[in-house]
1. Can you go through 26, 44 and tell me which one is among the small types (Gly, Ala, Ser), touching a strand residue (DSSP E or B) at 6+ places or on another chain (Cβ under 8 Å) and open to solvent by 30 Å² or more (accessible area, probe 1.4 Å)?
2. If you check residue 267 against the conditions, is it within 19 Å of the chain's Cα centre (by Cα), open to solvent by less than 30 Å² (accessible area, probe 1.4 Å) and farther than 22 Å from residue 147 by Cβ?
3. Restricting to the stretch 16-45, name every residue that is in a strand (DSSP E or B) and charged (D, E, K, R).
4. Is it fair to say residue 130 is under 15 Å from the mean Cα position of the chain (by Cα), buried (at least 19 other Cβ atoms within 10 Å of the Cβ) and over 25 Å from residue 245 (Cα atoms)?
5. If you go through the stretch 188-199 one residue at a time, do you hit one that is surrounded by fewer than 21 Cβ atoms within 10 Å (Cβ to Cβ) and touching a Lys or Arg at 6+ places or on another chain (Cβ under 6 Å)?
6. Of all residues in the stretch 228-264 being of a type in the set (Gly, Ala, Ser) and surrounded by 16 or more Cβ atoms within 10 Å (Cβ to Cβ), which is farthest from the chain's Cα centre (by Cα)?
7. Just need a number here: residues in the stretch 270-280 that are open to solvent by less than 40 Å² (accessible area, probe 1.4 Å) and either under 19 Å from residue 100 (Cβ atoms) or modelled with pLDDT under 95 (or both).
8. Evaluate the following for residue 11: is it under 23 Å from residue 119 (Cβ atoms) and of a type in the set (S, T, N, Q)?
Amino acid sequence: MARVALVAGANGGFGSAMAAALWSAGWEIRPYRRGTDMAAAARGAGLIVNGLNPPAYHDWAGLIPEITRSVLAAARASGARVLLPGNVYVYGRQPGPWGADTPHLPCSRKGHIRAGMEARYREAAAAGQRVLILRGGDFIAPGARVGLYPQVVLKPLARGRIVAMGDPAARRAHAFLPDMARAAAELLSGDLPDFLDMPFAGLSFSTADLAAAIGRVTGRVPRVSRFPWWQLRLAAPVWELARELLEMRYLYDLPHELDPAPLAAALPGFRPTGLDAVVRALVTAG
């Protein structure tokens with residue numbers, strides 16, 4: 001496989017983390033410019049990183065299939081493998097830990113859209129294309145300006161407070177993006193099947209765990225307050241993002257985790273960053 005990676009969404013969280021990890025592993029990085037011919041951009045590439053996602057959940061039903069068609073067409077024309085970040089929406093409310101053998105039983109509209117998208121990739125792999133889905137929970141990254149953690153959870157930290165989107169005691173799956181990208185780069189250096197759905201367990205922690213870790217790192221344990229969902233309900237009739245966030249509220253009260261065993265078997269030497277080190281990176285990022 002040519003060690004040239006076309007990175008779609010290279011300015012986003014997953015795309016930028018993958019570009020950095022692949023570059024460190026010796027890959028040539030080719031950022032994709034949105035709106036141009038992806039098949040032409042992918043010529044000579046051995047990998048297409050699909051880091052594209054509609055911003056603020058806008059028009060998922062229309063844009064996700066459009067992105068999927070473009071990526072698969074470019075991969076088919078170039079022979080490149082596709083790397084796709086999976087999420088946990090497809091599992092609905094099933095008990096965990098979740099993994100490749102967990103049925104897709106989404107309980108939300110966006111979960112159904114993601115399940116349909118992943119079905120297209122499975123069908124493409126069955127027809128001879130190569131696809132790696134690396135699946136993580138909530139993305140977290142140092143220095144991020146957009147996302148749940150910088151814009152909501154940690155936003156009031158300077159005032160001694162953090163925000164719980166749901167049950168503060170619910171332990172939930174999180175993916176520290178530098179770790180997730182590093183794991184992807186290591187997987188890609190090995191011999192992979194044409195289709196692989198790999199859970200990236202990352203870190204499982206609650207908002208209460210996060211507050212305790214912040215206390216260990218900074219010496220000051222923040223108060224935990226609840227997110228005012230009632231404000232989103234009021235805004236939902238006229239604000240698309242409010243409607244989209246309300247649909248996913250269940251995930252913040254649902255304890256869940258991804259199965260760590262498959263990645264541990266594939267990469268026995270891989271060591272994720274611990275929670276305290278992740279918190280230190282988040283609170284000290286400029």
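The values are calculated or read from the model by the stated rules, or taken from the named source; none is laboratory data. Remember, it's a predicted structure, so these values are computed and weren't measured experimentally. So basically every Cβ, Gly included, is an ideal-geometry build from the backbone, and we count neighbours across all protein chains shown. With ligands, DNA and RNA removed, areas are computed over all heavy atoms of the protein, side chains included. Shrake-Rupley method; radii C 1.70, N 1.55, O 1.52, S 1.80 Å.
1. Result: 44 is the single residue among 26, 44 that is among the small types (Gly, Ala, Ser), touching a strand residue (DSSP E or B) at 6+ places or on another chain (Cβ under 8 Å) and open to solvent by 30 Å² or more (accessible area, probe 1.4 Å).
2. So residue 267 does not fit the description; no.
3. 28, 30
4. No.
5. Yes, because at least one residue in the stretch 188-199 is surrounded by fewer than 21 Cβ atoms within 10 Å (Cβ to Cβ) and touching a Lys or Arg at 6+ places or on another chain (Cβ under 6 Å).
6. Per the criteria, the residue is 236.
7. 1
8. Values: under 23 Å from residue 119 (Cβ atoms): no; of a type in the set (S, T, N, Q): yes.
Answer is no for this residue.
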